[in-house]
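Here is the structure we will look at, set down as structure tokens.
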Amino acid sequence: MFSFLKLKKETSLSKDQELREFIRQTTNFVLKDREGVVVEDLQATKAGQAIVVLKVSKSVADSDAEKISNSLKAELEKLTAIDKATIVLTTEEVRKKQSPFADTPVGPQAVATKVPNVKDIIAVSSGKGGVGKSTVAINLALAIAKTGKKVGVLDADIYGPSLPRLAGVVSAKADKKSNDDRLEPIEAHGLKLMSMGFLVDESAPMIWRGPMVQSALLQMVRDVAWDGLDVLVIDMPPGTGDIHLTLAQRVPLSGGVVVSTPQDIALIDARKGLEMFRKVAVPVLGIIENMSYYCCPNCGHREDIFGHGGAKAEAEKLGVPFLGEILLHGKIRELSDLGTPIVIADPESEQAKAYCDLANAVMSNIDQAQKPAPRISMED
Ligand SMILES: Nc1ncnc2c1ncn2[C@@H]1O[C@H](COP(=O)(O)OP(=O)(O)O)[C@@H](O)[C@H]1O
Ligand SMILES: [Mg+2]
């Protein structure tokens, strides 16, 4: 009977789509009659940011590509709904001078620029998804905050942000600070938080490609008003691909933590994570063994479901610190799902204490990593 309503709903554009359409039209207008430049992708975030990826053919001179990029940026920023536009240029062969990422050499953090007002940045990584990396990241952050430090968490998983759910702020939306170009982080449980989940609709299709993801991530690190943080914990996306390498090189990391489960297969992935940090000369603060063993809540019987101790043995073999183990416990999962991580929901529990021990180990390893090597002076 009300089929027209359904039809209307299906055909009307959402706000996000509408904004994207504006961006598309403006971009097409600027690129009109330009040979060798095509739109590869475009996105809009809720906070009024437009990201456009242009593919530029090699026949277009660098200086022309730069002019096009500048005029597109200027035109997009004239739109009232857009505060900031980021233009990313790519070619089949990566354009050396123009792409903000292409010129990143593999080597020690050559181009990392300091994040204002953030003292230490820790990356929590894992070779693969589902090992409990995000759960470790938030509980670790809360445990560090308990020691009196100001702590933030950045959820760097663009495709599957989990921080809004873990922190119990699923409907929060991040906005620009007044009189400031930066985004205001969301505050929950005493932490400052940023996640793609606070910027775009969960229902919006995520068709981000490499360069856009990198651009968005770097902005989430640098253009957020983290002001006055002692520690920023980055929950890295699963895997060890280009995105990780870029992030590890362009963000001044104090150190990296690798989360693994004890199985051999997870350890192989963890090793890749360690190698990645080493490649870019980021100090490895250590390995954490998650879902280390299972303790029956009724009888206290301990069961080493995944063959406990693998991560510790691996850490010893690779010569990196072993930070500790977190057991597999239903309460950890239940409290995570409720948006109240165990470190704050049940601070006296053994599991919460295990996260606090981890936090102490991580922080003391940062201090060690930052201590200058002893100077050897030769006197005659
Ligand atoms: N120590 C643990 N005990 C029980 N469940 C856990 C534990 N660590 C994580 N989980 C659960 O495992 C699932 C995957 O964890 P998550 O942190 O999202 O992993 P990742 O970020 O590595 O993909 C979640 O449901 C989480 O609640
Ligand atoms: Mg995760």
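Observations
- Couplings for region 134-151, taken from phi via the Karplus curve 6.51 cos²θ - 1.76 cosθ + 1.60 with θ = phi - 60°, read 5, 5, 5, 4, 6, 5, 4, 4, 5, 5, 5, 4, 5, 7, x, 8, 8, 10 Hz in order; Gly and Pro are left as x.
- Estimated distance in nm for a label pair at ARG24 and GLN368, the labels positioned 7 Å out from Cα along Cα-to-Cβ: 5.5
- Working ranking of peptides 213-221, 137-145 by packing, defined as the average number of other Cβ atoms within 10 Å per residue, highest first, is 137-145, 213-221.
- For region 342-362, backbone nitrogen atoms closer than 18 Å to the point 7 Å from GLU334 Cα along Cα-to-C-beta are found at 342-353.
- Classified by the C-alpha gyration tensor, region 118-370 has a prolate form. Its axis ratio a/c, with a ≥ b ≥ c, is 1.5 or above, and a/b is larger than b/c.
- R0 of 30 Å, Cβ-Cβ distance ASP230-LYS279: FRET efficiency to nearest 0.05: 0.65
- Förster radius 25 Å - calculated FRET efficiency between LYS119 and SER178 (Cβ-Cβ, nearest 0.05): 0.45
- Net charge in the neighbourhood of LEU274 (other residues with Cβ under 12 Å of its Cβ; Lys, Arg +1, Asp, Glu -1) is +2.
- Here the extension length gained between SER59 and LYS353 equals 99.8 nm, from 0.36 nm per residue of separation less the Cα-Cα distance.
- The label point for LYS32 and the one for LYS317, both projected 7 Å from the Cα toward the Cβ, are 6.4 nm apart.
- Were the residues from LYS15 through GLU40 laid out at 0.36 nm apart, the gain over their Cα-Cα distance would be 6.8 nm.
Each reported figure results from applying straightforward, stated rules to the coordinates on display, with no laboratory input. Here the structure is a predicted model, which is why all the values come from computation and not from measurement. Using ideal geometry, Cβ is built from the backbone for each residue, glycine included, and neighbour counts are taken over all protein chains shown.
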